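The values are calculated or read from the model by the stated rules, or taken from the named source; none is laboratory data. The structure presented is a predicted model; accordingly, all values stated were derived computationally and were not measured. So basically every Cβ, Gly included, is an ideal-geometry build from the backbone, and we count neighbours across all protein chains shown. Note: accessible area is taken over every heavy atom of the protein model, side chains too, but ligands, DNA and RNA are not part of it. Shrake-Rupley method; radii C 1.70, N 1.55, O 1.52, S 1.80 Å.
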Amino acid sequence: QTTAKKEMNPVAKHASDLYKSLSTIPSISSATILPSSPSSSSNDNNKALTISLSLSQTDVVLAKKKSYVLHKQMIETNNKYDEGYAAFPVDTSSVTISNASPSGKLLAVVRVDGGNKDEPFIEIWDRQRMISSISCKGKGHTSIYSDEWFGSLEWSPDEKYIAYIAEPIVEGFSYWDKDCKDPSKQGQKYEYKEDWGEAFIGLSSPSLFLLDWQESNILQVRIEHLHLAVGQVIWSPNGKELVFVGWPYEHRRFGLKFCYNRASGIYVASVDE
């Protein structure tokens, strides 16, 4: 006995095939121009540069978004850039944010293992291998912000430090915890913490942190303003100050995702060695 295979409606099949085809077209989320060594040019009269592209596309079979990085070399010939060598894409689905150092010799990568964003790792790569991996577990914060408002991952000019934004750990105790030494913290474990709305669920106090990647030390940069959400940090040219955007939230936090014209200001924090 044979069973006839039921065929898909031609219109539905055409729509399905069209969607599957369109889903293979990647979307570019960011691009970085990396400096190339003089030896990478085909001759002395030509210039070459490498463009690092962060892309994503939908895997319709697994119903997941795939993220990956693609490096393309562009060669200048007769005042026009032509596409040169391009390596195979590298899957970066576990990477939340990355940034190349000013010299282009190092790459900082924030990675989440098993999707646990509360215990990220910061990896440092050179052009051939990973040279350092730092676990952020127990280092004063949980999630590292990677969005377009708060997210930052910025190298210092001397490439010794990396500034970034993360959610600090606030120590809280239950009402019955006998280990609590500070009465003001009794019961804080159950206090409601307002977040920043859409796409920022559970994220309440974006704060500035500093990583000395050679020593694997992480420190929180103290801000004088007690009720200030920090984001979009950059270094001063001399590497002694950090400049960032701050959003006051003394009374309540207003969502930023779809209404970004909130009260904000530019702030400066000095960095002591």
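When the chain is described by a simple charge dipole with +1 on each Lys and Arg Cβ and -1 on each Asp and Glu Cβ, the residue from Pro157, Thr32, Ile131 located farthest towards its positive end is Thr32. In this structure, the amide hydrogen of Val221, modeled 1.01 Å from its nitrogen in the peptide plane, lies closer than 5 angstrom to those of Leu208, Phe209, Leu210, counting only residues at least 5 positions away or on a different chain.
Heavy-atom surface analysis with a 1.4 Å probe gives the chain a carbon and sulfur content of 52 percent of its accessible area. Please identify every one of the trypsin sites (Lys or Arg not before Pro) in segment 244-273 that sits in a loop by DSSP and has no more than 13 other beta carbons within 10 Å of its own beta carbon. Here the sparse-neighbourhood loop sites are Arg252, Lys257. Rounded to two decimals, the Cα-based Rg/Rh of segment 195-273, with Kirkwood Rh, is 1.00.
Report, by chain and number, residues whose modeled amide H sits under 5 Å from the one on Ser143, excluding near sequence neighbours (fewer than 5 apart, same chain). Counting only residues 5 or more places away or on other chains, the set is Glu167. Ordering 216-223, 57-64 by mean Cβ neighbour count within 10 Å, with the highest value first, yields 216-223, 57-64.
Rounded to the nearest 20 debye, the dipole size of the chain about its Cα centre is 920 debye, using +1 on the Cβ of Lys and Arg and -1 on the Cβ of Asp and Glu. Binning the C-alpha pair distances of segment 119-253 at 5 Å intervals from 0 yields a P(r) profile of 2, 9, 17, 20, 19, 14, 10, 6, 3, 1, 0 %, listed from the shortest bin outward.
So which of Lys72/Lys105; Lys65/Lys257; Lys65/Lys193; Lys189/Lys240; Lys185/Lys240; Lys66/Lys193 end up more than 25 Å apart, counting from Cα to Cα?
Violating the 25 Å limit, Cα to Cα: Lys65/Lys193; Lys189/Lys240; Lys185/Lys240; Lys66/Lys193.
Working ranking of peptides 75-81, 244-250 by packing, defined as the average number of other Cβ atoms within 10 Å per residue, highest first, is 244-250, 75-81.
Averaging Cα coordinates gives a centre for segment 182-200 and one for segment 85-161; these two points are 28 Å apart. Karplus-derived 3J(HN,Hα) values for segment 201-213, using 6.51 cos²θ - 1.76 cosθ + 1.60 with θ = phi - 60°, are 4, x, 9, 10, 10, x, 10, 9, 10, 10, 10, 8, 5 Hz; glycine and proline are entered as x.
Here volume of the Cα convex hull per residue in Å³ was computed from the coordinates, and among (i) 132; (ii) 309; (iii) 264 the match is (iii). Couplings 3J(HN,Hα) of segment 214-221, computed from phi: 6, 9, 6, 9, 10, 10, 8, 7 Hz, in residue order, whole Hz [Karplus 6.51 cos²θ - 1.76 cosθ + 1.60, θ = phi - 60°; x for Gly and Pro].
The H on the amide N of Phe173, modeled in the peptide plane, is under 5 Å from the matching H of Gly187, Gln188, Lys189, each at least 5 residues off or on a different chain. Kirkwood hydrodynamic radius of segment 50-168, from the reciprocal of the average inverse Cα-Cα distance over all distinct pairs: 16.0 Å.
How would you order 185-197, 229-241, 139-151 from highest to lowest mean count of nearby Cβ atoms within 10 Å?
In decreasing order of mean packing, 185-197, 229-241, 139-151 become 139-151, 229-241, 185-197.
The phi torsions of segment 55-67, fed into the Karplus equation with coefficients 6.51, -1.76 and 1.60 and a -60° offset, translate into couplings of 10, 8, 8, 8, 8, 5, 6, 8, 6, 9, 8, 9, 10 Hz, rounded to whole numbers, with Gly and Pro shown as x.
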